[in-house]
Amino acid sequence: MIAPATALAFAGASFALAVTPGPDMMLCASRAATQGRGVAFMTLAGICCGLFLHALFAGLGLSQLLLASPNAIVAVRWAGAGYLLWLAIRTLTTKPDPVGDAAQPRAASMAAAFRVGLLTNLLNAKVILFVLALYPQFVTPSSGAVLGQMLTLGAINNVVGFAVNGVVILVAARLGRGLSSGGRFAGLGRWFLAAVFGGLAARLAWG
């Protein structure tokens, strides 16, 4: 079990990293501004799930095996960049759903938002390196199972990140109402979101 002081110190480190603008914050903010709070929160839920899986993989030693193969890391990095680039193209080429019975399209968009958050996080090689670099510093083998401690740290990281990015989503949704699917500048919002995806792809590939 992680000591309370260690958990508090890790929460502080997680907060400092969460408030620093990065890909997760940019993705959540752009989603909120262009597609509304619901889609943005589902994207954030996918991101949190991806981070928890990274903690699980690291605790099981799978991430270390991946890190031992430089070619594997490069493959993950380019797969992530390719996925983000595909999202950028799809954002521009997919027509908005027609007005009508929106229950089924809305459910599909929520599921798609969760999938985007999950895959962009899982295919981000920098997140793998981040977990392997930061988490072990707060793990004490004498305090219990390493896997349990890694999962606890992942949960703490997610709680802090969800709180910070949740505030970002609420603010961005309010400021970007005109860019949402029902706003006057919805077409511009699609270009903005595509640009965010494209920028994240470039950052992941060459950053």
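Residues in the range 1-49 that are under 11 Å from residue 172 (Cβ atoms) and among the small types (Gly, Ala, Ser): 29, 30, 32, 33, 36, 40. Screening residue 113 against (1) touching a Leu at 6+ places or on another chain (Cβ under 8 Å); (2) buried (at least 19 other Cβ atoms within 10 Å of the Cβ); (3) aliphatic (A, V, I, L, M); (4) closer than 25 Å to residue 203 by Cβ leaves a single unmet condition, (1). Look at the range 76-93: where a residue is over 13 Å from residue 200 (Cβ atoms) and a partner is at pLDDT below 90 and among the aromatic types (Phe, Trp, Tyr), sitting 6+ places away or on another chain with Cβ atoms under 8 Å, you get 92/191. With respect to (1) exposed (fewer than 14 other Cβ atoms within 10 Å of the Cβ); (2) assigned to a loop (DSSP other than H, G, I, E, B), the lone exception for residue 64 is condition (2). Count of the range 15-56 residues, restricted to those that are closer than 14 Å to residue 131 by Cβ and modelled with pLDDT under 95, is 2. Being among the β-branched types (Val, Ile, Thr), assigned to a helix (DSSP H, G or I) and in contact with a helix residue (DSSP H, G or I) (Cβ under 7 Å, 6 or more places away or on another chain) holds for only one residue in 47, 89, and it is 47.
Against the definition (under 14 Å from the mean Cα position of the chain (by Cα), closer than 20 Å to residue 201 by Cα, surrounded by 20 or more Cβ atoms within 10 Å (Cβ to Cβ) and of a type in the set (Gly, Ala, Ser)), how does residue 40 come out, yes or no? Working first, answer last.
Working: under 14 Å from the mean Cα position of the chain (by Cα): yes; closer than 20 Å to residue 201 by Cα: yes; surrounded by 20 or more Cβ atoms within 10 Å (Cβ to Cβ): yes; of a type in the set (Gly, Ala, Ser): yes.
Judged against the criteria, residue 40 is a match.
The values are calculated or read from the model by the stated rules, or taken from the named source; none is laboratory data. It should be emphasised that the depicted structure is a prediction, and the values quoted were computed from it without experimental measurement. Using ideal geometry, Cβ is built from the backbone for each residue, glycine included, and neighbour counts are taken over all protein chains shown.
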